[in-house]
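> Handing you this structure, nothing more for now.
The values are calculated or read from the model by the stated rules, or taken from the named source; none is laboratory data. In this text, all values refer to a predicted model and were calculated from it rather than measured experimentally. Neighbour counts are summed over all protein chains in view; Cβ atoms, including those assigned to glycine, are modelled from backbone coordinates with ideal geometry.
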Amino acid sequence: MKKLFYKLVLWYGGWTVINEVPTDLKKCITIGAPHTSNWDFVYALPGLEELKIYRFRYLIKKEFFFWPFSWLFNATGGIAVDRSKRNDLTNYLKELIEKEEEIYLLFPPEGTRSKVERWKTGFYYTALETNLPIILAFLDYEKRVMGFGKVLYPTGDFNKDFTVIQDFYKDKKGKNPKNYNPQIFIPKEEQ
């Protein structure tokens, strides 16, 4: 029943789902952008089902974990993040990745649906520390295409890697394009 419902959501929304990720990839960091609307979640779940990605977890702000929605986010793999304070999230995520045989760990790199000056970098450092690739996932509302695009194996050269990521997302349009800043990072030498 769930599969049929998800197919109907994709059909009704006019979405095409693509996948450029090798099928043997079992563990990775995944980023999803542009993230400009709560509708991104509504469409992403059916997209993941279509891609047959069943072992995924995603970061979401703790404020969403209230009844009646907390059961939904827990059931679909949500990890509550308290953005008001520094915590040991990176170590928690490393332990989670180590104990799982298969996991796609999804980060919303903007950290919000509003326009930001630059992306949060936790996904990048988690990928470096766990030696995992980063899948560049997207929802392009203009073309009605979503899915998994490029796979980036981070080199540790922040500017080089973020330039690749920025170039990938430059032509992707979120539901609310005015909420997306295509300049996703500040070069290290300017920080």
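> At pLDDT below 85, in contact with a Phe, Trp or Tyr (Cβ under 8 Å, 6 or more places away or on another chain) and surrounded by 14 or more Cβ atoms within 10 Å (Cβ to Cβ), is that true of Gly77?
yes
> A follow-up question, please. Working only within the stretch 113-131, note down all residues that are within 22 Å of Lys188 (Cβ to Cβ) and under 15 Å from the mean Cα position of the chain (by Cα).
Trp119, Lys120, Thr121, Gly122, Phe123, Tyr124, Tyr125, Thr126, Ala127
> Here's something else I'd like to know. Assess whether Arg113 counts as being out of contact with any Leu (no Cβ under 8 Å at 6 or more places or on another chain) and surrounded by fewer than 17 Cβ atoms within 10 Å (Cβ to Cβ).
No: the conditions fail for Arg113.
> Can you find a residue in the stretch 154-170 that is under 22 Å from Cys28 (Cα atoms), in contact (Cβ under 8 Å) with a residue 40 or more places away in the chain and in contact with a Pro (Cβ under 7 Å, 6 or more places away or on another chain)?
Yes, that holds for at least one residue.
> What pairs come up if the first residue lies in the stretch 136-153 and is more than 9 Å from Trp15 (Cα to Cα), the second is in a strand (DSSP E or B) and among the basic types (Lys, Arg), and their beta carbons are under 6 Å apart, counting only those six or more places apart or on different chains?
Leu136/Lys150
> Report the residue count in the stretch 73-88 for those that are more than 21 Å from Lys52 (Cβ to Cβ), over 16 Å from the mean Cα position of the chain (by Cα) and not in a loop (DSSP other than H, G, I, E, B).
Qualifying residue count for the region: 1.
> Could you please give the count of residues in the stretch 145-184 that are in a loop (DSSP other than H, G, I, E, B), exposed (fewer than 14 other Cβ atoms within 10 Å of the Cβ) and of a type in the set (D, E, K, R)?
Count: 3.
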